[in-house]
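The values are calculated or read from the model by the stated rules, or taken from the named source; none is laboratory data. Computed from a prediction, not measured in an experiment: that's the story for all the values here. The area values use the complete protein model at the heavy-atom level, side chains included, leaving out ligands, DNA and RNA. Shrake-Rupley method; radii C 1.70, N 1.55, O 1.52, S 1.80 Å.
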Amino acid sequence: MPLNTHKYSNGEITIIWQPNICIHSGICAKGLIEVFDPRRKPWIDMSLSDSETIKAQIKKCPSGALSYIEVEDK
């Protein structure tokens with residue numbers, strides 16, 4: 001992963017955001033503003049929705065700047 005990669009986790013999934021490939025289409029925010037709010041710092045708050053809804057929205061990212069991985073049980 002590039003050095004400019006940010007990770008956000010809720011214990012079930014980890015969102016990976018690569019801002020250097022983000023095209024700022026706004027699809028993430030338009031579809032799930034409670035989680036993806038660019039006016040807020042940090043701009044991703046995973047506590048405001050469930051993992052399945054978040055994953056569905058991430059899959060709509062046209063640039064691939066947002067992705068996720070499942071958190072493995074320890």
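Quick one: grab the alpha carbon gyration tensor of region 1-48, order the square roots of its eigenvalues as a ≥ b ≥ c, and give me rounded if a/c is under 1.5, else prolate or oblate depending on whether a/b is larger than b/c. Write down the numbers at each step before the final one.
On the way: a/c = 1.86, a/b = 1.08, b/c = 1.72.
Note, shape of region 1-48 comes out oblate.
Need one word for region 10-74: rounded, prolate or oblate. Basis is the Cα gyration tensor (sqrt eigenvalues a ≥ b ≥ c); a/c below 1.5 gives rounded, then a/b vs b/c decides. Provide the component values of the computation, followed by the final result.
Working: a/c = 1.69, a/b = 1.36, b/c = 1.25.
Prolate, because a/c is 1.5 or more and a/b exceeds b/c.
What whole-number value in Å² describes the accessible area per residue of the chain for a 1.4 Å probe? Could you put the intermediate results ahead of the total?
On the way: 4800 Å² over 74 residues.
Ligands and nucleic acids excluded, the result is 65 Å² per residue.
Calculate what fraction, in whole %, of the accessible area of the chain sits on carbon and sulfur atoms when a 1.4 Å probe is rolled over the protein chains. Show your work: numbers first, answer last.
Values: 2590 of 4800 Å².
Carbon and sulfur atoms account for 54 percent of the accessible area of the chain.
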